[in-house]
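Below is one structure, written out as structure tokens, with a few remarks after it.
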Amino acid sequence: MTTANLLEFDLEGLAAFCEKLGEKRFRATQLFRWIHQRGASDFAQMTDLAKSLREKLATTARVEALPVITQHESKDGTIKWLFDVGDGNAVEAVFIPEDDRGTLCVSSQAGCAVGCRFCSTGHQGFSRNLSTGEIVAQLWFAEHFLRKHLKRDDRVISNVVMMGMGEPLQNYTALVPALRTMLDDNAYGLSRRRVTVSTSGVVPMIDRLGADCPVAMAVSLHAPNDALRDDLVPLNRKYPIAELLEACKRYLAHAPRDFITFEYCMLDGVNDQPEHARQLVELVRSHNISCKFNLIPFNPFPASGLLRSPQPRVLAFAKTLSEAGLVTTVRKTRGDDIDAACGQLAGDVKDRTRAAERMAQRRGSERTVVLHPVRKTAPQEH
């Protein structure tokens, strides 16, 4: 008999499931707390549930985590897990401890179809979307593992960033119930300000998220003009920068933060020149958008053909933005000794998109764009 994995449900979904069993809504709330706040997977342990409900659950439901294939811990305390999601696919999640918070980086897809030049996940290709339960299971496992590992009774994970493998907004149907579970006070009780969705710029879904479940947003920008971004982030060809920035401005009307974070991966000789910094300043001024920049040191991998910008150039780039009045930070690289840093998550994916072959062809046909990236082109108007 097929049973339902209760990690698939937000509270509304779980209430509907309980109603089918002839149970009242408050039973769903009790069950939700047992699963997410206490990390229980054995219905027999849920002692304040009626025995009759526990018996029904034993034959109709389960709480099933993802099998852990490997776990690696960095010298800086970062922990990376590789989770088996079946059919030869595996995804990665990363816990990053800091003095004032604990952040979990969560995957939304097995692979990624966007194909950004600087991201090892994109070079690995795309297999499938994760389900809501597979997204939530990463948080469920990490939170309760860490409580035992660190011998803590209180919440360990204070922040979740949807910045792991995949483009979250291309898995929207599964993403939103997962976000609602993260935010629910009967589950993890995370602040909307502390849950971040990172997107490469799926414009229609940015608008939908603003209406359905607004959380903090980070946009993978990585270039100040369309010509360069077309090459680095292929989705830009469908949703160019001007359209993306206008969508970001619309999102701010609903967002829990009063700014959008723009992620900018620093690539040696590609997007890190003084002219690029000046173009970025002009770009955000022309669109009058409240934002901050997060400059990310590139983590090289052989297939990319790209190199990390030297630190002095990164700092000079940051200074140009800061002196123009833009809040700018340089991300500290964490977990790079276990390939857990930004852009390094690659898991194990049965690629259905022939990504490696397509990217190799693109590198050959568009090599001049990569080798000669500094342009006089101003940001395009649309």
Once a ≥ b ≥ c are taken as the square roots of the eigenvalues of the Cα gyration tensor of region 68-371, is the result rounded (a/c under 1.5), prolate (a/b larger than b/c) or oblate (a/b not larger than b/c)?
-> rounded
Determine the calculated [θ] at 222 nm for the chain from helices alone, applying -39500 (n - 2.57) to every DSSP H run no shorter than 4 residues and normalising by the residue count; nearest 500 deg cm²/dmol.
-> -11000 deg cm²/dmol
What is the local net charge at Ala218, summed over the other residues whose Cβ is closer than 12 Å to its Cβ (Lys, Arg +1; Asp, Glu -1)?
-> +2
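Write out the trypsin sites (Lys or Arg not before Pro) in region 31-105 meeting two conditions: DSSP loop, and at most 15 other Cβ atoms within 10 Å of their Cβ.
Working: sites: Arg33, Arg38, Lys51, Arg54, Lys56, Arg62, Lys75, Lys80, Arg101; in loops: Arg38, Lys75.
Those that pass, being in a loop and sparsely packed, are Arg38, Lys75.
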Can you pull out the GluC sites (Glu not before Pro) in region 1-49 that DSSP calls coil and that have at most 13 other Cβ atoms within 10 Å?
-> none
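What does DSSP give for region 68-371 in terms of the percent of beta bridges that are antiparallel, rounded to the nearest 5?
Percent antiparallel among DSSP bridges in region 68-371 is about 50.
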Give the residue from Thr2, Ala90, Ser290 lying farthest towards the positive end of the charge dipole for the chain; charges sit on Cβ (+1 for Lys and Arg, -1 for Asp and Glu) and the dipole is referred to the Cα centre.
-> Ser290
Dipole in debye (nearest 20) - the chain, about Cα centre, beta carbon charges: Lys, Arg +1; Asp, Glu -1 | 200 debye
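So which trypsin sites (Lys or Arg not before Pro) in region 141-233 pass both tests, a DSSP loop state and at most 13 other Cβ atoms within 10 Å of the Cβ? Write down the numbers at each step before the final one.
On the way: sites: Arg147, Lys148, Lys151, Arg152, Arg155, Arg180, Arg192, Arg193, Arg194, Arg208, Arg229; in loops: Lys151, Arg152, Arg155.
For trypsin sites (Lys or Arg not before Pro) across region 141-233 that sit outside H, G, I, E and B with at most 13 neighbouring Cβ atoms in 10 Å, the list reads Lys151, Arg152.
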Just list whichever of Lys56/Lys151; Lys20/Lys249; Lys24/Lys80; Lys151/Lys332 have alpha carbons separated by over 30 Å in the model shown.
-> Lys56/Lys151; Lys20/Lys249; Lys24/Lys80
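Based only on other Cβ atoms within 10 Å, what is the fewest-to-most ordering of Leu315, Leu306, Leu267?
Lowest count first: Leu315, Leu306, Leu267.
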Normalised contact order of region 68-371, rounded percent, pairs of Cα under 8 Å and 6 or more residues apart | 22 percent
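Read-outs: derived from the displayed coordinates by stated rules, not from any lab. Given the structure is predicted, the values throughout are model-derived calculations rather than measurements. Cβ atoms come from the backbone with ideal geometry, glycine included; neighbour counts cover every protein chain shown.
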